[in-house]
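**Q** After the structure tokens below, expect a handful of questions from me.
Bear in mind that the values in this text are calculations on the coordinates, not laboratory data. Everything numeric in this text was worked out from a predicted model, so none of it was measured. No Cβ is skipped: glycine too gets one built from the backbone with ideal geometry, and neighbour counts run over all protein chains shown.
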Amino acid sequence: MTIKDATSKRILQLCGENNITINRLANLAGITQSTLNDVVRGKSKNPTIKTIYYICFGLGIELKDFFDSDLFLNLLDND
């Protein structure tokens, strides 16, 4: 799995756990829906840590909690 795939899956996983839509998360995070959609759909090859930080803010979690997932183990670097 690539970093962008893991990031996308983690966002969707956390949205599911928190019962919120991507649109709602974008509003909570203070980022545009198109930015978040690009990250989730893999169009953004390298989402910045700042974007991930805002996503975490919207979810009410810390950065360390975002990356604390088996999805980020054994990543491939073929973005």
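**Q** Taking amide hydrogens as modeled 1.01 Å from N in the peptide plane, which residues meet the under 5 Å criterion relative to THR2, leaving out close sequence neighbours?
**A** LEU76
**Q** Scattering from the C-alpha atoms of segment 3-72 alone, worked out with Debye: what is log10 I(q)/I(0) at q = 0.18 1/Å?
**A** Debye intensities relative to I(0), on a log10 scale: -0.57.
**Q** Just to be sure I understand the rule: take each whole DSSP H helix in the chain, project its Cα atoms onto its long axis, keep it if the span is 20 Å or more and its mean Kyte-Doolittle hydropathy is at least -0.5. Which ones pass?
**A** 3-18
**Q** So, one more: Can you give the net charge of the other residues whose Cβ lies under 12 Å from the Cβ of LEU59, counting K and R as +1 and D and E as -1?
**A** Taking every Cβ under 12 Å from that of LEU59, the sum is -1.
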